[in-house]
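Have a look at this one.
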Amino acid sequence: MTITAIIEQGENGWLVGQLKEFPAVIDQGKTVEELKQNLMQGLEFYLEVQREQTTQEYEGRTYTQELLVA
């Protein structure tokens with residue numbers, strides 16, 4: 001899986017980025033490397049929240065899970 005960061009020059013020297021495949025993930029950094037690290041941390045948090053919400057939706061139901069590795 002490839003994830004694309006859209007990067008723009010923000011105010012006061014900050015770079016602002018958004019993940020193309022996960023547009024809810026937006027962050028900033030002083031360098032491209034810092035921005036990329038912040039975006040990946042943001043993605044981890046976003047996926048964790050989505051995982052928790054989905055788990056709550058299935059609470060009390062019978063289901064199976066299969067792991068997918070990208």
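Simple spin-label model, 7 Å along Cα-to-Cβ: L47 to I26 in nm?
If labels sit at L47 and I26, their model points lie 2.2 nm apart.
Related question: From a point 7 Å beyond the Cα of M40 in the direction of its Cβ, which residues of segment 18-34 have a backbone N at a distance under 11 Å?
Correct set: 33-34.
Over the chain, with every protein chain in place, what whole percent of the accessible area is carbon and sulfur at 1.4 Å, could you tell me? It would help to have the intermediate numbers written out before the result.
Details: 2990 of 6010 Å².
Ligands and nucleic acids excluded, carbon and sulfur give 50 percent.
Putting +1 on Lys and Arg Cβ atoms and -1 on Asp and Glu Cβ atoms, find which of L35, A70, V25 reaches farthest to the positive end of the dipole of the chain.
A70
Another question about this same structure. Spelling out what I want: for every residue of segment 6-19, take phi, set θ = phi - 60°, compute 6.51 cos²θ - 1.76 cosθ + 1.60 (Karplus), and round to whole Hz; glycine and proline get x.
Couplings: 8, 10, 10, 6, x, 8, 6, x, 7, 9, 10, x, 9, 7 Hz.
If you count only protein heavy atoms with a 1.4 Å probe, what accessible area per residue comes out for the chain, rounded to a whole Å²?
Values: 6010 Å² over 70 residues.
Solvent-accessible surface per residue comes out at 86 Å².
The values are calculated or read from the model by the stated rules, or taken from the named source; none is laboratory data. Just so we're clear, the structure is a prediction, and the values are computed from it rather than from any experiment. Cβ sites come from the backbone with ideal geometry, for glycine too, and all protein chains shown count toward neighbours. These accessible areas exclude ligands, DNA and RNA; they are computed on the full protein's heavy atoms, side chains included. Shrake-Rupley method; radii C 1.70, N 1.55, O 1.52, S 1.80 Å.
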